[in-house]
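Scroll down for the structure; my scribbles are underneath it.
We did not get these values from a lab; they are worked out from the coordinates using the rules stated. On a predicted model such as this, the values are computed, not experimentally measured, just so you know. In this analysis, Cβ positions are derived from the backbone assuming ideal geometry, glycine residues included, and neighbour counts consider all displayed protein chains.
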Amino acid sequence: GAVVSQHPSRVICKSGTSVKIECRSLDFQATTMFWYRQFPKKSLMLMATSNEGSKATYEQGVEKDKFLINHASLTLSTLTVTSAHPEDSSFYICSASIPGTGAGGLFFGSGTQLSVL
Amino acid sequence: GQQLNQSPQSMFIQEGEDVSMNCTSSSIFNTWLWYKQDPGEGPVLLIALYKAGELTSNGRLTAQFGITRKDSFLNISASIPSDVGIYFCAGQLLDTGTASKLTFGTGTRLQVTL
C-alpha cells in the first residue's frame, strides 16, 4: 500500500525553540495533506489542511503563527512548531491522500512525539 | 471541534470472543471509516464505507454504515491477541473522489486476554 513517512518519530526540545516535522508521500503525489494532534488517550484533532502551492487552511482555535505549515512540493509538507512550550507537547500525525481516491485513499504517517522541556 | 461518540470507551475480552463497537454522530456523514491505532503509531485504515446501509467485511472485521448516515458499527469476530489497540471511527462529509478532513471518534480501547 501507499506509504506516508513522517520524521522525526520523536523529538525533545527546550522551551522557546522551534521544531520542524516533515511528512512525505513516498510513492504518490499528494496535493493535500492533513496535520492532526493527539493528546494521550485522546482522539485525533485536525489542526490544518495543507495545500500544495497555497496557504494552509487552519481549524478554528489553531494558531497559524504558532504552527507554520509549508507544502512546497507534491510529496512534502512540513509543520513547524515555533517557540515551543510544554503545552505544545503532544503526538503530531500527518496524513496524505492519493488524488481521486477519496477517504479510502488517505494514509497516515507514523506520528511524531514532541516533548518540550 | 466536533467529535463522534464511540462506545464502549474500553473493553476487556477473552481471546476467541466476538467484539462489537459503535459510533454515533449528531450530524450526517457521507463516508464512514474505521481505523486501528497501535501505541506510538499512526492510524491504519480497516474498512471504508461509502453508502448508507452498506455492510462491508475485511477478514474477521465487519462494519456497517447506518441508514440515517449518523452512525456506524464495527464487529470483530473470534478476537486474537494482535487485535489489541485503539479503534477509531471517522466521518467525512464529502462523498466525492477527493479526500477531505476527517472527524474522528473518541476511540474504543480493546484489550484481549488469553
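Brief remarks follow.
- Being away from chain A (no Cβ under 11 Å) and either out of contact with any helix residue (DSSP H, G or I) (no Cβ under 7 Å at 6 or more places or on another chain) or surrounded by 12 or more Cβ atoms within 10 Å (Cβ to Cβ) (or both) is true of B:Leu55.
- Per the conditions (1) of a type in the set (Phe, Trp, Tyr); (2) away from chain A (no Cβ under 11 Å); (3) part of a loop (DSSP other than H, G, I, E, B), the sole criterion not satisfied by B:Phe12 is (3).
- Considering region A:100-117, the residues that are surrounded by fewer than 22 Cβ atoms within 10 Å (Cβ to Cβ) and aliphatic (A, V, I, L, M) include one that is farthest from the other protein chains (Cβ to nearest Cβ), namely A:Leu117.
- Single condition A:Ser97 does not satisfy, out of (1) of a type in the set (Ser, Thr, Tyr); (2) farther than 23 Å from B:Trp34 by Cα; (3) crowded, with 19+ Cβ neighbours inside 10 Å: (2)
Residues checked against (1) loosely packed, with under 14 Cβ neighbours inside 10 Å; (2) over 28 Å from B:Gly91 (Cβ atoms); (3) in contact with a Leu (Cβ under 8 Å, 6 or more places away or on another chain):
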| position | (1), (2), (3) |
| --- | --- |
| A:Cys13 | no, yes, yes |
| A:Gln38 | no, no, yes |
| A:Ser43 | no, no, no |
| A:Glu59 | no, no, yes |
| A:Val62 | no, no, no |
| A:Val81 | no, no, yes |
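- Hits in region B:32-50 (condition: surrounded by 13 or more Cβ atoms within 10 Å (Cβ to Cβ) and more than 12 Å from the chain's Cα centre (by Cα)): B:Asp38, B:Glu41, B:Gly42, B:Tyr50
- Matching entry among A:Phe34, A:Phe39 (being within 14 Å of another protein chain (Cβ to nearest Cβ), closer than 15 Å to A:Pro99 by Cα and out of contact with any Pro (no Cβ under 9 Å at 6 or more places or on another chain)): A:Phe34
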